[in-house]
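Below is one structure, written out as structure tokens; comments come after it.
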Amino acid sequence: MSETATGAPQTRAVRLQENERRSGSGRGARTARFIAGRIVGLVATLFAASLVVFFSRFVVPGDPARFLLRGRSPSPEAIAEVTRQYGLDKSPVEQYLSWIGGVLRGDFGRSLQYRDDVSHVLLQRLPVTLELVAMAAVIITVLGLAAGIWASLRRGRFADRAILITSTALGAVPSFVIAILLIAVFSVQLGWFPSFGSGHEGIDRFVHLVLPAFALGLAFVALVARVTRSSMNEQFVREHVEVATSRGLTKSSVVLRHVLRNAISPILLVSGVLVAGLLVSSAIVEQTFGLAGIGSLLVQSVDRLDFPVVQAIVLVVVVAFVTVNTIVDLIQPLIDPRIAAGTETR
């Protein structure tokens, strides 16, 4: 009798351990499939993007060979030589294979405008853009989260309505209009910040990028604030938050552990998309403030039909955008395992 009595709990304990091991292995397999699917999607997307980026050149009017010989009356022999030198005499498929092979080695070809390697041209311009995007990303994250959290904690009150109205207005104003207003107030009237140029390294560069970073990020701050507010308001009415509140937990503990933690997934997704999109939006701001970044380089290269530079910049932007979104997708299951398990939709 005693053996039976002691054997039954042992059997149940063994079964529980086996179920936990199976459940753990099942979660691991689902997570592995989730990650593998995202990586395969990343590779497929980048391949499709490379096709679009390269072959779009053939639908753009303009002959690169004649651009290289601009200002002169080129003979057919000169055009043929330039065409051969830049590989323009090959079939489109051969040109693509040659181009993508060079890209994988870090060789984007030669700029038609600068007569230099595209990689060298980009490396000269890239630091300014990366610093601008990094500053704008910090502004978006800090101000957007702070405004959204504050509006949610004061929902229905004056602060909530004020933040909602302000964010709606900011989201409707183009970045170049914000840039002009910032220049008029903080550069012309107050003289606090410079209005043109990238400055030198260190503090001087930081001071020169303050206004461009705010011009680039303020519209996105409004969107992050609205998403944060909406996501947190949705969590406040959930049952688990009401239970935590009824148990006497402090308001800060409820907000941090039960509201913000469960609301962070859509906030992270939107923030990742916006930060990746800053590379695209930076072109207008860089032109407005006279910054020597890849955004202004893209505008100049399009105007001057510098196809290799245009292709390289667009490909870099696409790679950055897709990679950041893939990283966000991979981080989300760490925050909410239900996403990897397929039991939670976004």
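The values are calculated or read from the model by the stated rules, or taken from the named source; none is laboratory data. For clarity, every value in this text was computed on a predicted model and none was experimentally measured. All Cβ positions, even for glycine, are placed from backbone atoms using ideal geometry, and neighbour counts span all protein chains on display. Ligands, DNA and RNA are stripped out before the accessible areas are found, and what is left, the full protein with its side chains, is counted by its heavy atoms. Shrake-Rupley method; radii C 1.70, N 1.55, O 1.52, S 1.80 Å.
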Restrict the check to the range 264-277 and report whether at least one residue is surrounded by 20 or more Cβ atoms within 10 Å (Cβ to Cβ), modelled with pLDDT of 75 or more, within 14 Å of Ile140 (Cα to Cα) and over 16 Å from the mean Cα position of the chain (by Cα). no
Among the residues of the range 39-56, count how many are open to solvent by 70 Å² or more (accessible area, probe 1.4 Å) and either not aromatic (Phe, Trp, Tyr) or not in a helix (DSSP H, G or I) (or both). 4
Please find, among Val207, Val188, Val173, Val224, the residue that is touching a Pro at 6+ places or on another chain (Cβ under 9 Å) and on the phi < 0 side of the Ramachandran plot. Val207
For the range 161-187, which residues satisfy the criterion of being more than 14 Å from Gly217 (Cβ to Cβ) and among the β-branched types (Val, Ile, Thr)? Ile163, Ile165, Thr166, Thr168, Val177, Ile180, Ile183, Val185
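Yes/no per residue for (1) modelled with pLDDT under 80; (2) among the β-branched types (Val, Ile, Thr); (3) open to solvent by 50 Å² or more (accessible area, probe 1.4 Å):
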residue: His200; (1), (2), (3): yes, no, yes
residue: Ala222; (1), (2), (3): no, no, no
residue: Ser253; (1), (2), (3): yes, no, no
residue: Leu256; (1), (2), (3): yes, no, yes
I want to confirm something. Restricting to the range 180-198 and keeping residues that are outside any helix (DSSP H, G or I) and among the hydrophobic types (A, V, I, L, M, F, W, C), which single residue is surrounded by the most Cβ atoms within 10 Å (Cβ to Cβ)? Phe193
For the range 99-134, how many residues meet the condition of being of a type in the set (Ser, Thr, Tyr) and at pLDDT below 85? 2
Return the total of residues in the range 94-111 being open to solvent by 90 Å² or more (accessible area, probe 1.4 Å) and either more than 27 Å from the chain's Cα centre (by Cα) or under 21 Å from Ser301 (Cα atoms) (or both). 3
